[in-house]
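Following: one structure in structure tokens, then a few remarks.
The values are calculated or read from the model by the stated rules, or taken from the named source; none is laboratory data. Owing to the predicted nature of the structure, the values given are computational and were not obtained by experimental measurement. Here Cβ is always computed from backbone atoms with ideal geometry, including for glycine, and neighbour counts include all displayed protein chains.
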């Protein structure tokens, strides 16, 4: 195949991140760059623009988490990966994408379970007063 090779992809990564990846880190570029959320999305957008790759088939939820936000339940702890699966983005995958002009991975068709995050609100509204009452009762006994 014609097009950019491994050296060009590694040069792009080094120019974007200021870091030279080891052979082991080349197996999972986003993890090596500690990229999640907007940072990972920006990296992939710049990659697509630089090498003319159509990212129509790219599924970010399989490769990285969303960035933590204060409003998300569970903050500051990151949510688990979707379906417990995290697929690495290797340099070889980026090379293949740059050479073919499209994202080379095929993803399984999975349906996410409905979110149960709404349960956090009643737990907090009920749990905090009960916890406060228990604390006051313990302090009165002392």
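Can you tell me which residue within segment 87-120, out of those that are assigned to a helix (DSSP H, G or I) and at pLDDT below 80, is nearest to residue 50 (Cα to Cα)?
So in segment 87-120, the residues assigned to a helix (DSSP H, G or I) come out as 91-100, 117-120.
So of that shortlist, the ones also at pLDDT below 80 come out as 117-120.
Values: 117: 38, 118: 41, 119: 44, 120: 43 Å.
So, considering only residues that are assigned to a helix (DSSP H, G or I) and at pLDDT below 80, the one nearest to residue 50 (Cα to Cα) is 117.
Report, by residue number, each residue of segment 89-132 that is touching a helix residue (DSSP H, G or I) at 6+ places or on another chain (Cβ under 8 Å), touching a residue at least 40 places away in the same chain (Cβ under 8 Å) and more than 21 Å from residue 3 (Cβ to Cβ).
Once the filter is applied, which keeps residues that are touching a helix residue (DSSP H, G or I) at 6+ places or on another chain (Cβ under 8 Å), touching a residue at least 40 places away in the same chain (Cβ under 8 Å) and more than 21 Å from residue 3 (Cβ to Cβ), segment 89-132 yields only 107.
Return the residues of segment 7-45 that are at pLDDT 90 or above, farther than 20 Å from residue 87 by Cα, touching a helix residue (DSSP H, G or I) at 6+ places or on another chain (Cβ under 8 Å) and part of a helix (DSSP H, G or I); say none if nothing qualifies.
Listed by number, the residues that qualify are 8, 12.
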